[in-house]
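Okay, structure first, notes after.
The values are calculated or read from the model by the stated rules, or taken from the named source; none is laboratory data. All values reported here derive from a predicted model rather than from experimental measurement. Cβ placement follows ideal geometry from the backbone for every residue including glycine, while neighbour counts extend to all protein chains displayed. Each accessible area value is taken on the protein alone, full model and side chains, heavy atoms only, with ligands, DNA and RNA left out. Shrake-Rupley method; radii C 1.70, N 1.55, O 1.52, S 1.80 Å.
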Amino acid sequence: MYKHFLFALLVIGALFLGAPCSHAQSAVLKLPRASQRAEIVQRVGITDITINYHRPLTNGRPVWGKLVPYGQVWRAGANENTTIEFTDPVTIDGKPLPKGFYGLHTIPGENEWIIIFSKNATSWGSFTYNQAEDALRVTVKPQPAEFHDALTYDFDDLKPDSTVVTLRWDKLAVPFKIGVNVPEVVEQSLHDQVRGRAKYTWEGWDEAASYLLDNKGNLQDALKDADESVQFEERFENLMTKSRALDALGRKEEATAARKKAIDMGNAIQIHVYARQLQRDGHQEQAFEIYRVNSKKFPDNWLVHSEVARMAVAKGDFDTAVKEMQLCLASAPEQQKPQIEGLIKRLQAKDDINK
């Protein structure tokens with residue numbers, strides 16, 4: 001009886017999307033299949049999306065409405081269930097779907113398709129499909145496309161928080177959009193990540209705090225994570241992160257104290273990078289205050305000469321700016337010299353390098 005059942009499955013598979021019956025396949029042994037297995041993976045944010053499927057060929061056959069009938073549930077591939085897995089909750093064309101492992105089925109139509117995410121992902125094809133096991137259905141529009149002999153799934157239109165999955169076969173494309181609430185997913189993940197190895201490093205806590213600050217996350221959590229980092233090892237980086245968290249919470253005096261402590265600990269490069277970021281953010285006077293601190297701490301550093309040049313430019317003193325930038329060039333690392341030479345040319349042309 002078991003052998004008869006396996007034979008029936010193989011015959012059905014051959015009739016409905018596989019090769020002709022003369023191309024023997026086995027449900028017991030690992031043998032070549034006419035519809036070969038494929039897997040594609042895409043990460044959106046930190047969420048992995050994995051599609052496993054088998055790729056039938058058209059072999060010159062008319063597909064839509066013929067080989068694949070309209071109005072009937074189809075396995076969206078060949079052989080075993082086509083599956084799709086999400087490591088975090090997502091939306092499908094705006095509709096929520098929990099994280100999980102799903103059987104992917106479709107109901108093709110001439111003008112619209114139904115995409116089905118089934119809680120049953122371990123069946124053969126769609127022959128035992130049960131609508132009661134649906135986790136979600138969405139309706140999408142098929143589109144004309146270039147010919148694809150082998151059925152293909154692609155991740156298209158990749159964005160920081162979404163991608164479009166497109167099934168392509170014959171001369172048809174069927175897309176559906178997957179969205180991810182990246183900040184929410186990452187914020188939840190951070191709670192778990194800092195309970196692992198990251199818990200025992202200053203970098204892990206500092207990165208968690210920085211992410212929350214950069215992405216408008218929970219400010220109290222950001223401050224807590226920054227404090228945890230400082231407790232492991234007090235550094236320029238985590239003290240600056242702590243000052244950002246305190247600023248965001250409106251605790252200005254504490255933020256200023258943390259920032260001063262960071263600058264007192266910082267090296268010339270760290271202080272310079274912070275001041276340049278202030279300039280880029282439009283806070284030039286604050287940047288110049290930091291430049292003056294750097295010049296007192298590290299008067300002979302090549303970066304300090306570039307800072308003095310920038311302050312001279314702000315006063316319209318291009319002669320001093322050129323001299324300071326030439327001193328910067330003389331002691332700068334080789335890889336930085338082409339950029340500095342470009343700045344010197346701009347200064348000689350009386351071009352404001354602070355803009």
**Report entry** Projected-area average for the stretch 159-285 over all orientations - Cα convex hull basis, square nanometres
**Finding:** 11.3 nm²
Query raised in the report: Which whole-Hz couplings ³J(HN,Hα) result when phi for each residue of the stretch 219-225 is put into the Karplus expression 6.51 cos²θ - 1.76 cosθ + 1.60, θ = phi - 60°, listed in order with x for Gly and Pro?
Result: 5, 5, 5, 4, 5, 4, 5
Query raised in the report: Looking only at 312, 121, 262, which one moves most when the chain is put into a Gaussian network model with springs between Cα atoms under 10 Å?
Result: 312
Query raised in the report: How much accessible surface area, in Å² rounded to 10, belongs to the heavy atoms of residue 176 with a 1.4 Å probe?
Result: 10 Å²
Report summary line: Over 28 Å (Cα to Cα) among 177/224; 315/337; 177/216; 95/216 -> 177/224
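So, for the chain, what is the accessible surface per residue at a probe of 1.4 Å, expressed in square angstrom?
Working: 19350 Å² over 355 residues.
Each residue of the chain exposes 55 Å² on average to a 1.4 Å probe.
In what sequence, highest mean first, do 348-354, 202-208 appear when ranked by Cβ atoms within 10 angstrom? Present the calculation step by step, with values, prior to reporting the outcome.
Details: 348-354: 12.6, 202-208: 21.1.
Highest to lowest by the protection proxy: 202-208, 348-354.
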Report task. Past 30 Å, Cα to Cα, is the threshold; run 242/296; 30/119; 199/296 against it and keep the listed order. Result -> 199/296
Report summary line: The long-range amide H neighbours of residue 135, using H built 1.01 Å from N in the peptide plane and a cut-off of under 5 Å, are 117, 118, 119
Query raised in the report: What list of ³J(HN,Hα) values in whole Hz, one per residue of the stretch 282-291 in order, does the Karplus curve 6.51 cos²θ - 1.76 cosθ + 1.60 (θ = phi - 60°) give from phi, with Gly and Pro shown as x?
Result: x, 9, 5, 5, 5, 4, 5, 4, 5, 4
Report summary line: For the stretch 329-338, Karplus-derived ³J(HN,Hα) couplings (6.51, -1.76, 1.60; θ = phi - 60°; whole Hz; x for glycine and proline) come out as 4, 4, 10, 6, x, 4, 5, 8, 5, x
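Run through the stretch 271-327 and list the trypsin sites (Lys or Arg not before Pro) located in a DSSP loop whose Cβ has at most 16 other Cβ atoms within 10 Å.
Values: sites: 276, 280, 292, 296, 297, 310, 315, 323; in loops: 315.
Those satisfying the criteria are 315.
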Requested in this report: Rounded to the nearest Å, what's the spacing between the alpha carbon centres of the stretch 272-347 and the stretch 39-75? Just the number, please.
Outcome: 58 Å
Query raised in the report: How far apart, in nm, are the 7 Å Cα→Cβ label points at residue 348 and residue 171?
Result: 6.4 nm
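If DNA, RNA and ligands are ignored and the probe is 1.4 Å, what is the ranking of 346, 75 by accessible area, most exposed first?
Numbers: 346 80, 75 10 Å².
Largest accessible area first, the list is 346, 75.
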Report task. On the protein heavy atoms, probe 1.4 angstrom, tell me the percent of accessible surface of the chain carried by carbon and sulfur. Result -> 52 percent
**Report entry** Spatial separation of Cα centroids for the stretch 83-106 and the stretch 212-246, in angstrom
**Finding:** 34 Å
Query raised in the report: Which shape class, rounded, prolate or oblate, goes with the chain when its Cα gyration tensor gives a ≥ b ≥ c as root eigenvalues, a/c under 1.5 marks rounded, and past that a/b bigger than b/c marks prolate?
Result: prolate
Report task. Quickly work out the residue 114-to-residue 193 label distance, labels modelled 7 Å from Cα along the C-beta direction, and quote it in nm with one decimal. Result -> 4.0 nm
Report task. Report the FRET efficiency, 1/(1 + (r/R0)^6), for residue 315 and residue 249, where r is their Cβ-Cβ distance and R0 is 56 Å, rounded to 0.05. Result -> 0.95
Query raised in the report: Using a basic spin-label model with each label point 7 Å from the Cα along Cα→Cβ, how many nm lie between residue 128 and residue 227?
Result: 5.5 nm
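Would you please put 42-54, 88-100 in order of how densely packed they are, using the mean number of other Cβ atoms within 10 angstrom per residue and starting with the highest? Don't skip to the answer; put the middle values down first.
Working: 42-54: 18.7, 88-100: 15.8.
Peptide ranking by packing, descending: 42-54, 88-100.
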Query raised in the report: Shape of the stretch 235-294 from its Cα gyration tensor (a ≥ b ≥ c, root eigenvalues): rounded if a/c is under 1.5, otherwise prolate when a/b > b/c, or oblate?
Result: oblate
Query raised in the report: Per-residue accessible area for residue 129 at 1.4 Å probe radius, Å² rounded to 10?
Result: 50 Å²
Query - Global form of the stretch 292-355, assessed from the alpha-carbon gyration tensor, a/c cut-off 1.5 - result: oblate
Query - Nearest-0.05 FRET efficiency for residue 296 and residue 220, computed from C-beta distance (R0 45 Å) - result: 0.80
Query - FRET E, pair residue 286, residue 156, Förster distance 30 Å, beta-carbon r, rounded to 0.05 - result: 0.10
Query raised in the report: Per-residue ellipticity at 222 nm for the chain, helices alone: DSSP H runs ≥ 4 residues times -39500 (n - 2.57), over residue total, nearest 500 deg cm²/dmol?
Result: -13000 deg cm²/dmol
